[in-house]
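The values are calculated or read from the model by the stated rules, or taken from the named source; none is laboratory data. Remember, predicted model here, so these are calculated numbers, not experimental data. Note: ideal-geometry Cβ built from the backbone for every residue, glycine included; neighbour counts use all protein chains shown.
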Amino acid sequence: MLGFLKKKLSSNDSSKKVIVLGIDGVPYSLLVRFMNEGLMPNLSAIAKKGTLTDMNASIPEVSSTSWSTFMTGVNPGKHGIYGFMEVQKDSYKWRFPNSSDIKSGTLWDMAGRHDKKSIVLNLPSTYPAKKLNGILTAGFVALDLKKATYPESAYEYLKSIDYRMDVDTQKAKESLSALSADIDQAFDIRKNAILHFLDHEEWDLFIGVITETDRLHHYLWRALEDKSHSEHEFFINFYKKLDALIGEFYKRAGQEIPFIIVSDHGSTAIKKEIYLNSWLREKGYLKFKKEPPGSFEEISEDSRVFVLDPSRFYIHLKEKYSRGCVDAGEYEGLRRKLKEELLSLEIDGEKIIKTVFMKEELYSGNLYNDAPDLVALPVHGYDLKGAVNKTETAGRSQLTGGHTRDDAVFFINRDVRERDINILDIGPTIISLLGIKGENFDGRCLV
């Protein structure tokens, strides 16, 4: 096997190679804790051979936006993905962006133009799969494995091993132990698929993403701190299995091949979910023709602001939306007022919002006009939501873990002097390590 692996890795000796392991939703602080507790010996050993640090994710801090930023090296104003869903400006129907909505070139597009092969496995926002010089099977939201995979031969292999595109989170309604078993099964199949392609296919750029960490955090974060929780041992053991996978990856890569670990955001315990559209209704900014509303299709003509997940505020402008009522001259004053009110929002005497950004502070590019007018970042522990059917401002659900923009993970088996690392920086770093020049990025090369 080692001889075969060496042959595959050296199939194009003149080209440089890069391996990336994505660990969705993993916080840097949790890795440091587990290393200090001796639970992740492989990562501890590897971290001494390079740079392991925290990183800032995209704004908003959701997987679709952050991974799209990772794969393009540009901000959402250029790649076009601001969240998992959008509202059509004429009908107000939901629309779910997919790979065709990413308007900037991806890392594998750039690699392909230089005759480099890429293998991309389980990366969100890549469905349906597009043709590339290599192999791709999409991450969530992916509906059909065949449409998610290119080429046909890769699909046939994945089908043969009963490949799972995602965890069945509906298992949580059955029991947390049923969910844990499903997370475990999905992870094992994904690990086997990733290692199969790593070992048996030629590649210059290899990207494999583990989604199960994110599902673990969302549904079982409470089990992390509570040693009496039924799934506490499962949580700990899952990270031991992740550490074993990291060790296997690094063994195959070695010190010569750049080896990157990256997460798309951090995670933390949820104190409460905050339903921002309900807050807007209480403040008189948002109204619906029907109560309770089922969707934004029932938005009223006298609504001035609405929110899309997780915390994207859109001013209901006359010139932009078919039922818009806000004049252009009111725009700046309304934004400033909203920002002040959001920063003063409290639940049970605690501040909810850490920062509010205006769109011009975050985004630039041809798709700037589609950007949210404001984006709020919460204080850790408060999970901002854009649900339209909630009647209260704060509540709870089955989810016990939420996202953070800070405390994401970046590792590379190289020395990095730069600090304040952003997920924007990973794409240009990868392309530089592949020996490709002349691409335009918003981020910087770190090595």
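Annotations for the structure displayed:
- Pairs where the first residue, in region 286-307, is under 16 Å from Lys89 (Cβ atoms) and in the same structural domain as Ser322 (by TED's automatic domain parsing) and the second is among the polar types (S, T, N, Q) and surrounded by fewer than 19 Cβ atoms within 10 Å (Cβ to Cβ), C-beta under 7 Å, 6+ apart: Glu297/Ser91
- Subset of region 66-88 [of a type in the set (A, V, I, L, M), touching a Ser or Thr at 6+ places or on another chain (Cβ under 6 Å) and in contact (Cβ under 8 Å) with a residue 60 or more places away in the chain]: Met71, Val74
- Number of the condition not met by Lys131 [criteria: (1) in contact (Cβ under 8 Å) with a residue 24 or more places away in the chain; (2) part of a loop (DSSP other than H, G, I, E, B)]: (1)
- Residue in region 277-284 that is in contact (Cβ under 8 Å) with a residue 60 or more places away in the chain, more than 19 Å from Leu121 (Cα to Cα) and aliphatic (A, V, I, L, M) present: no
- Candidate set from region 100-126 (those that are among the charged types (D, E, K, R) and part of a helix (DSSP H, G or I)); member that is nearest to Leu136 (Cα to Cα): Asp109
- Test: residue in region 269-281 that is crowded, with 21+ Cβ neighbours inside 10 Å, in a loop (DSSP other than H, G, I, E, B) and more than 26 Å from the chain's Cα centre (by Cα): no
- Test: residue in region 136-153 that is surrounded by fewer than 17 Cβ atoms within 10 Å (Cβ to Cβ), among the hydroxyl-bearing types (Ser, Thr, Tyr) and either within 20 Å of the chain's Cα centre (by Cα) or at pLDDT 95 or above (or both): yes
- Looking at region 23-83, the helices (runs of 4 or more DSSP H) lying wholly inside it that each contain 3 or more residues that are more than 10 Å from the chain's Cα centre (by Cα) sit at 28-36, 41-47, 76-79.
- When residues in region 340-357 are screened for being under 28 Å from the mean Cα position of the chain (by Cα) and surrounded by 13 or more Cβ atoms within 10 Å (Cβ to Cβ), 11 of them pass.
- Counted as qualifying within region 342-447 are the strands (runs of 3 or more DSSP E) with 1 or more residues that are in contact with a Ser or Thr (Cβ under 8 Å, 6 or more places away or on another chain), namely 374-378, 382-385, 401-404, 408-412.
- Within region 355-387, the set of residues being within 15 Å of Ser58 (Cα to Cα) and basic (Lys, Arg) comprises just one member, Lys359.
- Listed by first and then second residue, the pairs with beta-carbon distance under 8 Å, at least 6 apart or on different chains, first residue in region 405-433 and assigned by TED's automatic domain parsing to the domain that holds Ala45, second of a type in the set (Asp, Glu) and in a strand (DSSP E or B), are Asp406/Asp54; Asp407/Asp54; Ala408/Asp54; Val409/Asp54; Phe410/Asp54; Ile421/Asp54.
- Where Phe259 falls short, out of the listed (1) surrounded by 22 or more Cβ atoms within 10 Å (Cβ to Cβ); (2) in the same structural domain as Leu39 (by TED's automatic domain parsing); (3) touching a Ser or Thr at 6+ places or on another chain (Cβ under 8 Å): (3)
- Residue within region 224-235 that is of a type in the set (Phe, Trp, Tyr), at pLDDT 95 or above, surrounded by fewer than 22 Cβ atoms within 10 Å (Cβ to Cβ) and in contact with a helix residue (DSSP H, G or I) (Cβ under 8 Å, 6 or more places away or on another chain) present: yes
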